[in-house]
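Visitor: A single structure is presented below for examination.
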Amino acid sequence: MKPLLACTTEELALLVTFCGYPEVGKGIAESSMESVTPENWQSVMQATIHQLMLKQIWDYEREANNEAPISEEMETFIESYVESQWMIRCSHVPEQHILMIHKMDENTWLSHLIDRDIIHEFAYITSEELPSHIKEYYSFTNINFVDGMSFQLTEQDFDLLSDKSNLSKLEAYAYLSSEENEAFNEFINALGSKQWSLNNISLFNLPTLEADPMLTNIMFFLPSSKGIWVVEYSEDSERPVHIYLRSYEEWGAMLDEVGNIQL
């Protein structure tokens, strides 16, 4: 997959700003710079303009005509990226990168890979390619599925698991069967090997630039040597948090539904 655009955080912030979205550009810049004073921002802009010149992204003719100094094609791309109303966010703990995928139209998504909050790579993918694109991003290997492992927790107990120091307080063993207890221990071992963090795939609706993103769906999961643990909620149970060990193939099948958004 050939990147449509590869740029630094500063370059992306400048492109977004010159396309008429200064507040969005500022937010992008602040994601990698703790504080951006007007003086600092001016210095960053000047240095970044030179980088865009080297990449032949800066349009001298448009600048001479007092227009946004980037091509119309780039303007259209930035506008569609910023104005996208649906986004899938894929976390990958403990890796220092994140994947965000924006819906462009009925069959087109824009993949946005952010590496260490420094490098941004954009590429178009189709709705059919979306599940395999997410699977490739995670690249889980060395998974040997162990059938039938699962357990259930209350919401309170599941919340306790967010902090390793709470493990001693968690008295889940009192209501777990011996089989569930075995599964629980396997899950805890996997959680410990992943810096005590779950991966998640989140779906957000972004109705306007002014409104906060609305989380409409989220899937928590955790890779392990014995399969991929998937967390599901069920409201019709005293222990509504269901944690299952899924095979790689089953987890991949679940991804088929991730991008099923009706515009």
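The values are calculated or read from the model by the stated rules, or taken from the named source; none is laboratory data. Only a predicted model underlies this, so the values are computations on that prediction, with no experimental measurement involved. Counting neighbours? That spans all protein chains shown, and the Cβs are built from the backbone with ideal geometry, glycine included. SASA here: full protein model, heavy atoms, side chains in, ligands and nucleic acids out. Shrake-Rupley method; radii C 1.70, N 1.55, O 1.52, S 1.80 Å.
Visitor: In the Gaussian network model of the chain, springs joining C-alpha atoms below 10 Å, which of I188, I134, I201 carries the largest mean-square fluctuation?
Guide: Result: I188 has the largest fluctuation of those listed.
Visitor: Tally Lys/Arg at +1 and Asp/Glu at -1 over every other residue whose Cβ is under 15 Å from the Cβ of D212; what's the total?
Guide: Once all neighbours under 15 Å are counted, the net charge is -1.
Visitor: Another one. For segment 111-263, what does the equivalent ellipsoid look like in terms of its semi-axes, each the square root of 5 times an eigenvalue of the Cα gyration tensor, given largest first in whole Å?
Guide: Working: eigenvalues 176, 71, 52 Å².
Here the semi-axes work out to 30, 19, 16 Å.
Visitor: Based on a Kirkwood Rh over C-alpha pairs, give the Stokes-Einstein translational diffusion coefficient of the chain at 10 °C and viscosity 1.306 mPa s in µm²/s. Intermediate values should be presented prior to the final figure.
Guide: Numbers: Rh = 20.9 Å.
Answer from the Stokes-Einstein relation: 76 µm²/s.
Visitor: Please list, ordered by chain and number, the residues whose modelled amide H lies under 5 Å from the amide H of K226; skip anything fewer than 5 residues away on the same chain.
Guide: N144
Visitor: For segment 49-97, just say rounded, prolate or oblate: build the C-alpha gyration tensor, square-root its eigenvalues into a ≥ b ≥ c, call rounded for a/c under 1.5, and beyond that prolate if a/b exceeds b/c, oblate if not. If you can, show how the numbers build up before the last one.
Guide: Numbers: a/c = 4.88, a/b = 1.86, b/c = 2.62.
Oblate, because a/c is 1.5 or more while a/b does not exceed b/c.
Visitor: Of the heavy-atom accessible surface of the chain (probe 1.4 angstrom), what whole percent is carbon and sulfur?
Guide: On the chain, the fraction of accessible area on carbon and sulfur atoms equals 47 percent.
Visitor: I would also like to ask the following. Compute the Cα gyration tensor for segment 185-263, then decide on rounded, prolate or oblate, letting a ≥ b ≥ c be the square roots of its eigenvalues: rounded whenever a/c is under 1.5, prolate when a/b is larger than b/c in the other cases, and oblate in all that remain. Walk me through the numbers on the way to the answer.
Guide: Numbers: a/c = 1.82, a/b = 1.79, b/c = 1.02.
Since a/c reaches 1.5 and a/b is larger than b/c, the shape of segment 185-263 is classed as prolate.
Visitor: Would you tally the net charge around V241, using a Cβ to Cβ cut-off of less than 10 Å, leaving V241 out, and scoring K and R as +1, D and E as -1?
Guide: -3
Visitor: How large is the dipole of the chain about the Cα centre if only Lys and Arg carry +1 and Asp and Glu carry -1, each at its Cβ, rounded to the nearest 20 debye?
Guide: On the way: 14 positive and 44 negative charges, 147 e Å.
With Lys and Arg at +1 and Asp and Glu at -1, about 700 debye.
Visitor: Would you mind telling me which residue in E121, E75, E235 has the biggest mean-square fluctuation in a Gaussian network model of the chain, where springs connect alpha carbons within a distance under 10 angstrom?
Guide: Answer for the Gaussian network model of the chain: E235.
Visitor: Which whole-number value in Å² is the accessible area per residue of segment 124-263, probe 1.4 Å?
Guide: Numbers: 8000 Å² over 140 residues.
Heavy-atom SASA per residue in segment 124-263 reads 57 Å².
Visitor: Under 8 Å for C-alpha pairs, at least 6 residues apart: give me the relative contact order for the chain, rounded to a whole percent. Before the final figure, lay out the partial values.
Guide: Working: 402 pairs, mean separation 47.6, N = 263.
Computed value for the chain: 18 percent relative contact order.
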